[in-house]
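Visitor: To start, I am sharing the structure in question, which I have written as structure tokens.
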Amino acid sequence: RKEGFRYFMEKEIYEQPQVLADILTGRLRDEAVTLDEFPSAWLANFSSVTLCACGTSYHAALAGSYLLERLARVPAKVEIASEFRYRDPVLDPRGLFVVISQSGETADTLEALKLAKAQGLATLALCNVDNSSMVREASQTLLLRAGIEKGVASTKAFSAQVMTLWLLALYWAQSRDTLDTARRVEEIAAMRRTLDVVRVQKPVHERLHRLSKRYLHGHGFFFIGRDLFYPLALEGALKLKEISYLHAEGYPAGEMKHGPIALADAELFTIALMARSTLYDKIKSNVEELSARDATIIAISTEDFELADDLIRIRAFEHPMLEFFEMLVVVQLLAMEIAIRLGNDVDMPRNLAKSVTVE
Ligand code: M6R
């Protein structure tokens, strides 16, 4: 039941605080995280990690790779399952192979898991469905605790994946002793604060609803970001294209000048994820270059930015992951509002299925 929401997608966006609360339940101490599923010593055995997934889950994997390298200092690779499985890949025999999947049934991801297992690697599945094929196949499992996700466009499962990967990165960091106590305390405090951060603020939702009517046409959207905000840019663009059927691309902001800037004109809508916490001056100069070529700039930022055609102001947070979750809700709602204005059924977008069990 939609419980007063227009669509399941909307309900699921609004459920994210509860999902994150459920994920953190029983797992946070003052200075450490604990996962009952396996001891942190198990992680200390691995010399690298490969994260493999499709679609939105791939974007979570990419964000996870930044967290795992930064916090646990473990070499992390990210693979698109449909490419990985036919590439005859060279695997690190001492590495951990992680699959990420809401359904646990995506054909390419499942086959990638079987391939890694056949080569003797230890495997871990991050899945939302507890009796799924991947859960049965993998040696270890972390369930996502997101509850049933009905919207074809994944929202709360993505938040759950990113949060679970953040927990895993911190747990792994503990086993390798790569962070001092003060830093661990900081990460845990930030995790606790995410529950508030993802709570939809009515004025922000209303603003995005009003803003959406300006962006129904044009010849495309570029979502740009740097560092952790690059996977978020990919996710924002995927959300928009899935349900609005408008062309949207996610791009690392620093790459725009290597080609895509040729497209810049007033009809190119650039959604700039301008994180104060992360390389702010760098993305600012990337956006200035686009603006100088007449691109229309929609900036998501805590700061005033005079070149923005529209500024979506967000709250200021020191921690990059708080900015990440704050911006995530904005891009989810923006995609949904644009698609609803275009008259689309955002829960059942054309040509898409909730679970892709054929390759
Ligand atoms: O169930 P999975 O997480 O393995 O599904 C992977 C993709 O098919 C899925 O994320 C897809 O991209 C969604 N429609 C995204 O909103």
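Visitor: Could you give every pair whose Cβ atoms fall below 6 Å, whose first residue belongs to the stretch 312-330 and is in contact (Cβ under 8 Å) with a residue 12 or more places away in the chain, and whose second residue is of a type in the set (F, W, Y) and surrounded by fewer than 21 Cβ atoms within 10 Å (Cβ to Cβ), counting only separations of at least 6 or pairs across chains?
Guide: So the pair list comes out as E323/F317.
Visitor: List, please: which pairs have Cβ atoms under 6 Å, are six or more places apart or on different chains, and start with a residue in the stretch 152-173 that is over 18 Å from K241 (Cβ atoms) and in a helix (DSSP H, G or I) and end with one that is more than 16 Å from the ligand (Cβ to nearest atom) and polar (S, T, N, Q)?
Guide: Filtered contacts from the stretch 152-173: Y171/S40.
Visitor: Being among the hydroxyl-bearing types (S, T, Y), under 17 Å from L179 (Cβ atoms) and not in a loop (DSSP other than H, G, I, E, B) is the filter here; which residues of the stretch 31-58 pass it? Outline the logic, then answer.
Guide: Taking the stretch 31-58 first, the residues among the hydroxyl-bearing types (S, T, Y) are 34, 40, 47-48, 50, 56-58.
Now restrict to residues that are under 17 Å from L179 (Cβ atoms): 34, 40.
Result: S40, single match.
Visitor: Next up: Which of the residues that make up the stretch 264-306 are part of a loop (DSSP other than H, G, I, E, B) and either hydrophobic (A, V, I, L, M, F, W, C) or touching a Gly at 6+ places or on another chain (Cβ under 8 Å) (or both)? Please lay out each step first, then the result.
Guide: Taking the stretch 264-306 first, the residues part of a loop (DSSP other than H, G, I, E, B) are 264-267, 275-279, 293-295, 302-306.
Correct list: A264, A266, E267, A275, L279, A295, F305.
Matching residues to (1) acidic (D, E); (2) modelled with pLDDT of 95 or more; (3) surrounded by fewer than 24 Cβ atoms within 10 Å (Cβ to Cβ):
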site	(1), (2), (3)
A190	no, yes, yes
Y215	no, no, yes
F222	no, yes, no
H247	no, yes, yes
G254	no, yes, yes
L268	no, no, yes
M274	no, yes, no
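Visitor: Is the stretch 227-247 home to any residue that is in contact (Cβ under 8 Å) with a residue 40 or more places away in the chain, closer than 17 Å to M321 by Cα, assigned to a loop (DSSP other than H, G, I, E, B) and not β-branched (V, I, T)?
Guide: Here is the first cut: in the stretch 227-247, the ones in contact (Cβ under 8 Å) with a residue 40 or more places away in the chain are 227-236, 238-240, 242-246.
Next, from what is left, pick out any that are closer than 17 Å to M321 by Cα: 227-236.
If we keep only those that are assigned to a loop (DSSP other than H, G, I, E, B) as well, we get 227-228.
Now restrict to residues that are not β-branched (V, I, T): 227-228.
Checking the stretch 227-247: at least one residue is in contact (Cβ under 8 Å) with a residue 40 or more places away in the chain, closer than 17 Å to M321 by Cα, assigned to a loop (DSSP other than H, G, I, E, B) and not β-branched (V, I, T).
Visitor: Would you check which residues across the stretch 174-188 are in a helix (DSSP H, G or I), of a type outside the set (D, E, K, R) and more than 20 Å from the chain's Cα centre (by Cα) and list them? First the steps, then the outcome.
Guide: Initially, the stretch 174-188 is screened for residues in a helix (DSSP H, G or I), giving 174-176, 181-188.
Checking which are of a type outside the set (D, E, K, R) leaves us with 174-175, 181-182, 185, 188.
Across the stretch 174-188, the qualifying residues are Q174, S175, T181, A182, V185.
Visitor: Is one or more of the residues making up the stretch 321-344 modelled with pLDDT under 95, within 15 Å of the ligand (Cβ to nearest atom) and either basic (K, R) or in a helix (DSSP H, G or I) (or both)?
Guide: Checked the stretch 321-344: no residue is modelled with pLDDT under 95, within 15 Å of the ligand (Cβ to nearest atom) and either basic (K, R) or in a helix (DSSP H, G or I) (or both).
Visitor: I'd like the full set of residues that are among the hydrophobic types (A, V, I, L, M, F, W, C), closer than 20 Å to P93 by Cα and over 20 Å from the mean Cα position of the chain (by Cα), limited to the stretch 106-131.
Guide: In the first step, residues of the stretch 106-131 are kept if they are among the hydrophobic types (A, V, I, L, M, F, W, C); the result is 107, 110, 112-113, 115-116, 118, 121-122, 124-127, 129.
Add one more test, that the residue is closer than 20 Å to P93 by Cα, and what stays is 110, 112-113, 115-116, 118, 121-122, 124-125.
Matches in the stretch 106-131: L110, A112, L113, L115, A116, A118, L121, A122.
The values are calculated or read from the model by the stated rules, or taken from the named source; none is laboratory data. Keep in mind that this is a model prediction, so the values were computed, not measured. Virtual Cβ from ideal backbone geometry, glycine too; neighbours counted across all protein chains shown.
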